[in-house]
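Engineer: If you scroll down you'll find the structure; I have some questions about it.
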Amino acid sequence: MSETTSAQEQFAEMGPEDTAAYLAEVAAPLFGKQAQEKFDAMLRSVVRRHLGDGQAADEAVASGTLVVEGNTAVLRLNPQTDCVEIYVDMGLPGASSDHAEIYGKLLEMNLNAAHYGVLFGRNERSKRLVASLRVHIGLTDSEGEFCTGCLQMITEAIRSVRTW
């Protein structure tokens, strides 16, 4: 490629292997930085909506953890996928509850997408039930509107399934 060729022309002339290498070495890390900046702004906005300003809000932004309608929520950006991951603790079924029945119903809900985008599972370490949702950072807004809507959707799903 000549030195006088525009960047667009150079990109258009690349073969699949060159394009993949370019995306891996140049474009992906650049987007990763932009994704982190967008996530940070979005997280600050979401926390501010729930906690206002102050030390509690600063701690929530630093940890990515806040309480929404009595449920602990964790928000994080997965750098491998550039997806915002939201996890909300659902608690534990009572000792007298039929755990197999509860887990079976949650698995059926996952299979049938009963709560669009929301998946139910169990945290391996704590053994607590968790509702989660993942969305690409490109679909979110820095003001936190979309993420706030996702948190509301998850908490509504939790209310509808928590019978213990």
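Engineer: Just to confirm a number: summing +1 for Lys and Arg and -1 for Asp and Glu over residues other than L106 whose beta-carbon lies under 15 angstrom from that of L106, what do you get?
Structural biologist: Around L106, the charge tally is +2.
Engineer: First measure r as the distance between the Cβ atoms of N78 and S142, then evaluate 1/(1 + (r/R0)^6) with R0 = 25 Å and state the FRET efficiency to the nearest 0.05.
Structural biologist: About 0.85, to the nearest 0.05.
Engineer: I've got another one for you. Nearest 0.05, what FRET efficiency do H99 and E59 give at R0 = 22 Å with Cβ-Cβ as r?
Structural biologist: Between H99 and E59 the formula returns 0.05.
Engineer: Set the Förster radius R0 to 35 Å, insert the Cβ-Cβ distance between A114 and A12 as r into 1/(1 + (r/R0)^6), and round the FRET efficiency to 0.05.
Structural biologist: Efficiency at R0 = 35 Å is approximately 0.15.
Engineer: Based on DSSP, what percent of beta bridges with both residues in the chain are antiparallel, to the nearest 5?
Structural biologist: Counting DSSP beta bridges with both partners in the chain, the antiparallel share is about 100 percent.
Engineer: Along the three principal axes, how long is the stretch 76-155 when you take its alpha carbons, biggest first, rounded to the nearest angstrom?
Structural biologist: 44, 26, 21
Engineer: Just how large is the dipole of the chain about the Cα centre, in debye to the nearest 20, putting +1 at every Lys and Arg Cβ and -1 at every Asp and Glu Cβ?
Structural biologist: Result for the chain is approximately 980 debye, rounded to the nearest 20.
Engineer: Net charge within 14 Å of E156 by Cβ-Cβ distance, Lys/Arg positive one each and Asp/Glu negative one each, not counting E156 itself?
Structural biologist: Net of charged neighbours comes to +1.
Engineer: Taking amide H atoms as placed 1.01 Å from N in the peptide plane, list the residues 5 or more away in sequence, or in a different chain, whose amide H sits under 5 Å from that of T72.
Structural biologist: The answer is D89.
Engineer: How big is the Rg/Rh ratio for the chain, C-alpha atoms only, Rh by Kirkwood, two decimals?
Structural biologist: When Rh is taken as the Kirkwood radius, the ratio is 1.12.
Engineer: Count charges around K38 for me, please; just the other residues with Cβ under 15 Å from its Cβ, Lys/Arg as +1, Asp/Glu as -1.
Structural biologist: The answer is -4.
Engineer: Can you list which of the chymotrypsin sites (Phe, Trp or Tyr not before Pro) found in the stretch 103-147 are DSSP loop residues with at most 12 other C-beta atoms within 10 Å?
Structural biologist: When the chymotrypsin sites (Phe, Trp or Tyr not before Pro) of the stretch 103-147 are filtered for loop state and at most 12 Cβ neighbours within 10 Å, Y116 remain.
Engineer: Can you give the extra length, in nm with one decimal, that the chain gains between S160 and N123 once fully stretched, where that is 0.36 nm per residue apart less the Cα-Cα distance?
Structural biologist: In short, 11.3 nm is gained.
Engineer: Cross-link candidates for K127: which aspartates and glutamates have Cα within less than 12 Å, leaving aside residues fewer than 8 places away along the same chain?
Structural biologist: D89
FYI, it's all coordinate maths here, none of it is from the lab. Because the structure is a prediction, the values reported are computed rather than measured. With ideal geometry, Cβ positions are generated from the backbone for all residues, glycine too; neighbour counts draw on all protein chains shown.
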